[in-house]
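Inspection log for the structure reproduced underneath, given as structure tokens.
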Amino acid sequence: MGSKPVPEAVLEIDGLDSFYGDFQALFGVSMRVERGEVVAVIGANGAGKSTLMRSVTGLLTNRPEMVRFGTAQIGALRADQIAHMGIAMVPEGRQLFPSLSVEENLIIGGQAGRPGEWTLDAVYSLFPVLKERRHQASTSLSGGQQQMVAIGRALMSNPELLLFDEISLGLAPIIIKTIYEALPDVIGTGMSAVLVEQDITRAVDISDRVYCLQEGRVSLEGKSGEVSREEISKAYFGV
Amino acid sequence: MDWVNAIIQGILLGGLYALFAAGLSLIFGVMRLVNIAHGDLIVLAAFLGLTVTTALGINPLLSIAIVAPVMGLIGYVLQRVVLNRTLGDDILPPLLVTFGLSVIIQNGLLELYSADPQKMSAGAIETASVALPGGLNLGILPLLMFVTAVLIIGALQWIFYRSAWGRAFRATSDNQDIAQLMGLNKSHVFGLAMALSLVVVAVAGIFLGVRTSFDPSAGPGRLIFGFEAVIIGGLGNLWGTLAGGIILGVSQNIGAQINPGWQLLAGHIAFLVILAVRPRGLFPRIDG
Ligand SMILES: Nc1ncnc2c1ncn2[C@@H]1O[C@H](COP(=O)(O)OP(=O)(O)OP(=O)(O)O)[C@@H](O)[C@H]1O
Ligand SMILES: [Mg+2]
């Protein structure tokens, strides 16, 4: 096992090939997230960003050694087992449970029963508007408020690693700003994070390192402060 | 007065039909599974009740204390070992498998208990009644069964909308993948839902066996009553299911009052009329 004398990795993805039936969506993707690090994943539509998130969370099953979480090989585990180990995701398109109230959505996020600083009260003080609406159906909220519920729901499991899949998708710029301003409070607490984002500037600003995916392959990898716009454009569009 | 009596008896019978229906409705709501073997499981519970009752020499109503957990366990294991494997995007496999299960249960019961009709006797309570004004007599046993049915529907409603299990049921029903991300193992959640369904089936089966005679082929008929009650009431609404059961019971008894041969026909006609007028049932799902 761990033979590399490098900083401790929370997540290590190694030569990941992911499939939907016969269709291969990821080709030998390797990636590393160190403890406390924020890693951005950028890439065009269909590049495989969500597929990568699905593979890490166990919604897609892979070979065990392709995904490691700490020292555990999790590539072949079920999503609920991985959730209990401490990986949570804010899925693309928010995906709240329509039959559950706002508060029930948050409570079920804590279903895994992992102790930690994130509780209902902590989520409500991060996003006070949710407290006012806690008994409403989650479908009655605005897009931005729904995104807050989705983030709160993921936090409720007190994850070690939090994945965000395009949290700005479909939201007004002012709402995106509010949500991004809350992020340091969320991931500044020692949590590691992977942030999938189409907005390259935002992704580079908030992250320590950045990976770019292109047609299922890593086309660029580097420290966020060091990669240039040109390199990113080239890796992003493949021109 | 015969008419009033027929209607009252019909309402009480409706409680039993609601019990036939509740488990069916729960399973469909949580995992979109139409359990063709549901009626046969009711009859299986009745036979289990018969065995427990004769082996221990107890009142069949008390045998519920044993049959209900046994049926719950059977439900959990059945779901985990067999039914979970059939669930997916295609709705045909679970239909075929539960149909097969129905055949297996009927033949198994035939092997073990023969085709003879059986009945369980609940003793003196069967003939006890209270006199109502106007010369009506209300049987204590049917009344007890009706009250139990209402309490069970109320309990299911509470579980579904107020408890952690219910939250897991609703979340899994909404979106299985995201529910898994919350740490819910859907195989286990579905197992629990089937266990709960078969606990209700256990009560329904024993009530059935005390009320009327039953034999191994009685299941499909109970399934039809259950279906009709669910559809009349509106899918996914448990109180609606109770109303559906009552409408079915009352229609049957009114039919029987007109002509004893029309009992079942009248129920089916009521079902078809309601389906024609309100295709989504009387009380389609309102959450909360
Ligand atoms: N359920 C699925 N079945 C089959 N193919 C799929 C499925 N989901 C995604 N794909 C394909 O896999 C590839 C990668 O898709 P993915 O959703 O991971 O891209 P993405 O980078 O997240 O894109 P976007 O920015 O649009 O969210 C695409 O070619 C897509 O068509
Ligand atoms: Mg995506």
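The values are calculated or read from the model by the stated rules, or taken from the named source; none is laboratory data. All figures in this text were calculated on a predicted structure; none of them were measured in a lab. Positions of Cβ are backbone-derived with ideal geometry, glycine not excepted, and every protein chain shown enters the neighbour counts. When the accessible area is computed, the model is the full protein with side chains, heavy atoms only, and any ligands, DNA or RNA have been set aside. Shrake-Rupley method; radii C 1.70, N 1.55, O 1.52, S 1.80 Å.
In region A:167-218, what count of residues is obtained for those that are under 26 Å from residue A:235 (Cα atoms), in a helix (DSSP H, G or I) and open to solvent by less than 50 Å² (accessible area, probe 1.4 Å)?
Summing the residues that are under 26 Å from residue A:235 (Cα atoms), in a helix (DSSP H, G or I) and open to solvent by less than 50 Å² (accessible area, probe 1.4 Å) in region A:167-218 gives 6.
Listed here are the residues, each with its yes/no results for (1) modelled with pLDDT of 95 or more; (2) crowded, with 24+ Cβ neighbours inside 10 Å; (3) under 30 Å from residue B:57 (Cα atoms).
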residue	(1), (2), (3)
B:123	no, no, yes
B:139	no, no, yes
B:175	yes, no, no
B:184	yes, no, no
B:209	yes, yes, yes
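For region A:210-233, indicate whether the set of residues that are within 14 Å of chain B (Cβ to nearest Cβ), within 14 Å of ligand 1 (Cβ to nearest atom) and of a type in the set (A, V, I, L, M) is non-empty.
If we filter region A:210-233 for residues that are within 14 Å of chain B (Cβ to nearest Cβ), which is where we start, we get none.
The answer is no; no qualifying residue exists.
Results for (1) within 16 Å of the chain's Cα centre (by Cα); (2) within 16 Å of ligand 1 (Cβ to nearest atom), shown as yes or no for each residue.
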| position | (1), (2) |
| --- | --- |
| A:18 | no, yes |
| A:22 | no, yes |
| A:28 | no, yes |
| A:32 | yes, no |
| A:51 | yes, yes |
| A:67 | yes, yes |
| A:74 | no, no |
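Looking only at region B:37-93, count every residue that is within 16 Å of the chain's Cα centre (by Cα) and open to solvent by less than 30 Å² (accessible area, probe 1.4 Å) and tell me the total.
Here the count works out to 16.
What tally of residues in region B:231-258 results from selecting those that are open to solvent by 30 Å² or more (accessible area, probe 1.4 Å) and touching a Pro at 6+ places or on another chain (Cβ under 6 Å)?
Of the residues in region B:231-258, 0 are open to solvent by 30 Å² or more (accessible area, probe 1.4 Å) and touching a Pro at 6+ places or on another chain (Cβ under 6 Å).
List the pairs whose first member sits in region A:83-104 and is without any contact (Cβ under 8 Å) to a residue 12 or more places away in the chain, whose second member is assigned to a loop (DSSP other than H, G, I, E, B) and open to solvent by 40 Å² or more (accessible area, probe 1.4 Å), and whose Cβ atoms are under 8 Å apart, counting only residues at least 6 apart or on separate chains?
A:99/B:287
What helices (runs of 4 or more DSSP H), lying completely within region A:92-166, carry at least 3 residues that are more than 10 Å from chain B (Cβ to nearest Cβ) and open to solvent by 60 Å² or more (accessible area, probe 1.4 Å)?
Numbers: elements: A:102-109, A:120-126, A:128-132, A:143-155.
Result: A:128-132.
When both residues are 6+ apart or on different chains and their Cβ atoms are under 7 Å apart, which pairs have a first residue that lies in region B:4-17 and is open to solvent by 40 Å² or more (accessible area, probe 1.4 Å), and a second that is among the polar types (S, T, N, Q) and part of a helix (DSSP H, G or I)?
These pairs meet every condition: B:7/B:253; B:9/B:253.
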